[in-house]
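Asks: This is the structure I have questions about; it appears just below.
What follows is calculated from the coordinates using simple rules that are stated; it is not laboratory data. Computed from a predicted structure; not experimentally measured.
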Amino acid sequence: LRIYATPTPTTTRVWTLLHDQTYRVAIAWQNTAYNQPPHTGFFLGSPFTLPAKPVISTP
């Protein structure tokens, strides 16, 4: 287990990748078809714009 951290503070907060529906579906298809890298529904590089807040509901 490797944990990478930085002492540099940030003002950008991002939801976890599993909150992103596009990423979650990509993870699911990896188990059923050819193993392809998962893609996010938003650009994670620079310049970065915050993605929309995910709609999460529980029964």
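Asks: Indicate the gyration tensor shape class of the stretch 7-49 (rounded, prolate or oblate), computed on the Cα atoms with a ≥ b ≥ c the square roots of the eigenvalues: a/c under 1.5 is rounded; otherwise a/b larger than b/c is prolate and the rest oblate. Before the final figure, lay out each step's value.
Replies: On the way: a/c = 2.69, a/b = 2.55, b/c = 1.06.
The shape class here is prolate.
Asks: Across the stretch 50-59, in residue order, what do the Karplus-derived ³J(HN,Hα) couplings come to in whole Hz, using 6.51 cos²θ - 1.76 cosθ + 1.60 with θ = phi - 60° and x for Gly and Pro?
Replies: Values per residue, Gly and Pro as x: 5, x, 5, 5, x, 8, 10, 10, 10, x Hz.
Asks: OK, next. At 0.36 nm per residue, minus the direct Cα-Cα distance, what do Thr22 and Gln36 gain on full extension? Give it in nm, one decimal, please.
Replies: Working: separation 14, 0.36 × 14 = 5.04 nm, distance 1.35 nm.
Extra length available between Thr22 and Gln36 comes to 3.7 nm.
Asks: Something else about it: Relative to the longest principal axis of the C-alpha atoms of the chain, give the angle of the C-alpha long axis of helix 21-30, reported between 0 and 90° and rounded to the nearest 10°.
Replies: Approximately 50 degrees, to the nearest ten.
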